[in-house]
1. Among Met63, Met55, Met102, which comes first, second and so on when ranked by fewest other beta-carbon atoms within 10 Å?
2. Are any of the pairs Lys11/Lys249; Lys211/Lys278; Lys104/Lys221 more than 25 Å apart by Cα-Cα distance, and if so, which?
3. Taking amide H positions as placed 1.01 Å from N in the peptide plane, with prolines and chain starts having none, which residues 5 or more places from Thr116, or on another chain, fall under 5 Å of its amide H?
4. I need the fraction of alpha carbon pairs in segment 28-184 separated by more than 24 Å, rounded to a whole percent.
5. For segment 1-93, place one equal point scatterer on every Cα, skip the solvent, and apply the Debye formula. What is log10 of I(q)/I(0) at q = 0.14, 0.16 Å⁻¹?
6. Hey, could you get me the Stokes-Einstein D for segment 8-289, Kirkwood radius over alpha-carbon pairs, 20 °C and 1.002 mPa s, rounded to whole µm² s⁻¹?
7. Which residue, Asn177, Asn140, Asn244, has the most motion in a Gaussian network model of the chain that connects Cα atoms within less than 10 Å?
8. Mind checking which aspartates and glutamates have their Cα closer than 13 Å to the Cα of Lys123? Skip sequence neighbours fewer than 8 apart in that chain.
Amino acid sequence: MQDNEASNVYKGAVAFSEQLAKVSGGELTVKLFPSSQLGAFKAMVAQTQAGELDMVMTGYPDMSYVIPELKLIGAPYVVSSYDHLREIVAGPFGQKMDKAFMEKGIKVLDVWYYGTRHTTSNKAINSMADLAGLRMRTPNVPFLIAYAKNVGASPAPVAFAEVYLALQTNQVDAQENPLPTIEAMKFYEVQSHIALTGHFVASAAIQISTKTWDGLSEQEKSWVQQAVLDGGKISNDLTTTAENQLIAKFEERGLTVTRPDLAPFQEAMKPYYAELEKQFGAGSISALTGK
């Protein structure tokens with residue numbers, strides 16, 4: 001996994017590991033590798049597909065480089081909340097994606113809440129116009145690159161483990177991540193402003209190699225599924241609690257928190273939506289938003 005040991009998803013992964021060992025009587029155990037120890041997320045996914053790595057945790061729509069249609073739920077402002085995301089994952093779209101994952105050698109066990117992404121910088125972002133020309137770090141995924149580009153910033157993909165240094169050395173001016181990630185990675189040490197742009201509801205897909213999954217008995221599969229759900233509840237609760245507390249905590253540390261009008265941000269995404277509908281069919285965005 002990319003996240004470090006201070007992250008809520010890591011704590012959820014620890015809970016998953018502990019619960020799996022408990023319910024299986026020690027028959028099944030998990031060794032965790034946080035902080036990108038096994039490489040960038042695409043390298044870890046490739047290892048999982050090959051059966052060299054049993055499990056991997058990545059952003060759910062980040063897997064759009066493997067399954068392009070996932071770009072639809074990655075598109076900024078399409079998913080309105082984690083509850084909305086759960087509905088999509090449990091519905092026809094999610095079922096279609098589950099089948100596509102299996103065809104790529106991966107089974108999705110659960111989708112955890114990673115947090116809603118906001119934008120940080122070293123200048124106040126009171127409106128979308130304040131982002132013009134800023135070098136904004138994004139993950140190397142198309143929908144977040146599109147967010148930076150369409151709001152007027154210059155997207156600069158940087159590996160997750162390198163973001164702190166890139167901000168510290170002014171290689172980039174801004175970045176976007178959920179509040180708990182900003183806390184866990186200490187980005188608040190090298191950024192002075194947070195704009196509550198709420199442009200993307202992030203999620204962590206807990207994935208297992210089909211090679212590993214197919215080698216488990218039905219009882220073992222049941223243990224794994226239940227332990228993943230238990231770990232997800234802990235991770236989700238921690239993330240939700242943190243989001244409710246961190247704005248005040250960041251302000252106490254001296255960061256300035258702004259709440260720009262989001263209507264221009266949402267309007268700026270329409271050309272990107274049009275690109276996606278050209279690729280995946282008319283109405284593919286509205287089928288997810290319900291609008």
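1. Values: Met63 25, Met55 22, Met102 13.
Arranged by neighbour count, lowest to highest, Met63, Met55, Met102 become Met102, Met55, Met63.
2. Values: Lys11/Lys249 21 Å; Lys211/Lys278 35 Å; Lys104/Lys221 19 Å.
Exceeds cut-off: Lys211/Lys278.
3. The list, which skips near neighbours in sequence, is Leu179, Ala202.
4. Numbers: 4770 of 12246 pairs.
Here the tail beyond 24 Å accounts for 39 percent of pairs.
5. -0.66, -0.85
6. On the way: Rh = 19.5 Å.
So the translational diffusion coefficient is about 110 µm²/s.
7. The residue that fluctuates most here is Asn244.
8. Straight-distance partners of Lys123: Asp173.
Read-outs: derived from the displayed coordinates by stated rules, not from any lab. Note that the coordinates shown come from a computational prediction; the quantities given were computed from them, not determined experimentally. Glycine also receives a Cβ, built like all others from the backbone with ideal geometry; neighbour counts cover every protein chain displayed.
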